[in-house]
Structure formats: C-alpha cells, structure tokens
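This report concerns only the one structure given below.
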Amino acid sequence: MSSSLRHAPPAGKRGRNQELLYDPNIPTPTHAERARTLVEGEATATLCTLSSEHEGYPYGSFVTFAMLGPDPIFLISALAEHTKNLETSSRTSLLVSEAGEGNPLALGRVTIVGDCTRLPEEEREVAKRVFLAKHPSSEFYIDFEDFSFWRLEAASIRYIGGFGRMSWVDKSDWSLAECDPIAPIAQGIMEHMNEDHTDAMVLYCKMFTKASDTTEATMVGVDRYGFEMSAQTEEGPRPIRLAFSSAVTSSEDIRREMVQMAQKARELSSN
C-alpha cells in the first residue's frame, strides 16, 4: 500500500534548519484512506445541488448521510428544495468537514463530486439498514411515502487534510480504501498517552528520531500504521511520526507496540 507524506520541511531559509526529524518513508495512511476515514466518521454534511428555482446557481443544504460502499446515500423528502433540484439535474457535490477545535482551516474536509440519483427499489432494504445504523432516530420517518433514498455516485474526490496537505483522490483508490479501524478509539489513546506516558514519548523522540533535544512530547494523532507527536525542541515544536512494526487493528495491539517501543528506547538510552 502506498504512503503519503504528511509533513514537509518549511520552505525558504528557515526550512534549511528545519528538515524532517523522522524518516519520511515510514508507513503512512494514503490520502484515500484518510479521506474515507474522515467521511465514515461524520454523519452530516453540506449537499450542493443546482437550483431549479434560481437556474444556474448552486444551492447548499444541510443533510444527514451514510455510506453505502464508496458512495454517500441520503434519505430526503420530496418536499425538500434539494430534492426538487435533483429531479432537474443530478450534478451534485457533498462537502464533509471534520469536527474539532482550533483553526477550522487546519481541520480535514472532503468534497465528493458526482451524479446523485434515486436509489432503485431493490436496493432500498440494504440502504435502510445502513442508514438506520448511522441514524437510529430516522426510524420514525424512514418509511414515510414522501421520503426516498438517493445515492451520490462518487466520481471525483478532493481531500484536504489541513494546511499544505491536499490532493484529488483517484476514484479507484477511493473505492478500495478502508476506514482506519483505530479511528473510533484514537482520541482515547491520545488522551491516555498524554496524561500518563509523556516520559515514554520524550524517550521515543530522543532515541528513534533526530529530535534528540526533545524536552516535551504530545501525541497528536494515531492510526493503524503509527502515531504522530509534537516534540518541543530548541527550534520550537516539531512534527514527529513513528511507525508500528506492523499495522494494528485494536487498542491491545497498540498497547503491545508501545510497550515494545518503550523497552527498546530504554535499552538504547542505557547504552
């Protein structure tokens, strides 16, 4: 599986003194994997259709959605403005934004572009199960006659993971990409490491990277392939990424990897 470089040294004169302090070739989620993980983790988005009331103008609306394979599906009323628009033109885009604190432009977002059409009746039961799993409260109106399922067939996918990290994701890569199994527990893992194991993370930075002057370290991301930290150095905070020995799928896998890394780091520091 290919990897995508998340961090790059700053441009210009200052960048010459701020080269990456870790191996950029270690396993990293692809943009397709990051995008699928982001989209699978959200439940609401902005649906953009072509207005039938104001011809030629885009119309944005707030919708709930679920994923049916690589494609978003919506349960929408015939009375909704976006449904009227879709009846006129299937050309659509969906903007899915990552929730979080801090600068909103530093958060991830995915725009899916394609044609949105009414789902065939023979696919309704599958769509219903998928949608109810994501939106249990929709059970109240899911069988109303004026509500129907629509599917946006993803043709083009734009991923933005924050400042300087963006690309158009290939459709086939998008279809084959899997959601990161660590995503649902990532926040808890980061909180645990930052509350109870900051000393181990400082040691990771000192022993496994060029950030030998690290005084503090905070975990800022974790995925199936590894984790990311912000290391406080003489040059200020620096990004660090370390890889697991193999892809993980559970909190127990991560605990085992962290323990092994800590043991190895202590051995290196004592030599």
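Details
- At most 12 other Cβ within 10 Å, DSSP loop - GluC sites (Glu not before Pro), the range 111-156: Glu145
- Relative contact order, percent, the chain [alpha-carbon distance under 8 Å, six or more residues apart]: 18
- Remark on Ile182: its backbone amide H falls under 5 Å from those of Arg224, a criterion applied only to residues 5 or more positions apart or on other chains, H modelled at 1.01 Å from N.
- Of the solvent-accessible surface of the range 67-118, computed with a 1.4 Å probe over protein heavy atoms with every protein chain present, carbon and sulfur atoms account for 54 percent.
- Kirkwood-based Rg to Rh ratio, the range 35-194, C-alpha trace: 0.98
- Considering all C-alpha pairs of the range 165-271, those separated by over 19 Å amount to 47%.
- Stretching the chain fully between Trp168 and Gln260 yields a gain of 29.4 nm (0.36 nm per residue, less the alpha carbon separation).
- Result for the chain in a Gaussian network model with C-alpha springs under 10 Å: among Phe163, Phe244, Phe65, the largest mean-square fluctuation is at Phe163.
- Difference of contour (0.36 nm per residue) and Cα-Cα distance, Val220 to Ser251: 9.5 nm
- Using a Förster distance of 41 Å, the FRET efficiency for Leu132-Ala200 (Cβ separation, nearest 0.05): 0.45
- Largest GNM mean-square fluctuation across Pro24, Pro136, Pro181, computed for the chain with C-alpha springs under 10 Å, falls on Pro136.
- Over the chain, dividing the summed -39,500 (n - 2.57) contributions of all DSSP H runs of at least 4 residues by the number of residues returns a 222 nm mean residue ellipticity of -8500 deg cm²/dmol.
- Principal axis box of the chain, alpha-carbon based, largest edge first, Å: 72, 43, 31
- Paramagnetic label reach from Ser212 (point 7 Å along Cα→Cβ; backbone nitrogen cut-off under 17 Å): within the range 235-253, residues 235.
- In nm, spacing of pseudo-spin labels at Ser270 and Arg118 (7 Å Cα→C-beta vector): 7.2
- Straight-distance crosslink candidates among lysines, where the alpha carbon sits under 28 Å from Lys264 and sequence neighbours closer than 8 are dropped: Lys206, Lys210
- For the chain, a Gaussian network of Cα nodes joined below 10 Å ranks Arg124, Arg36, Arg241 by mean-square fluctuation, and the top entry is Arg124.
- Under Karplus coefficients 6.51, -1.76 and 1.60, residue-wise ³J(HN,Hα) of the range 131-147 in Hz, glycine/proline x: 5, 5, 5, 8, 10, x, 5, 6, 4, 4, 10, 5, 9, 4, 5, 8, 9
- The mean sequence separation of alpha-carbon pairs under 8 Å and at least six residues apart, normalised by the residue count of the range 120-271, gives a relative contact order of 15 percent.
The values are calculated or read from the model by the stated rules, or taken from the named source; none is laboratory data. Please read these numbers as outputs of a predicted model, since none were measured by experiment. Cβ atoms come from the backbone with ideal geometry, glycine included; neighbour counts cover every protein chain shown. These area figures cover heavy atoms from the full protein model, side chains too; ligands, DNA and RNA do not enter into them. Shrake-Rupley method; radii C 1.70, N 1.55, O 1.52, S 1.80 Å.
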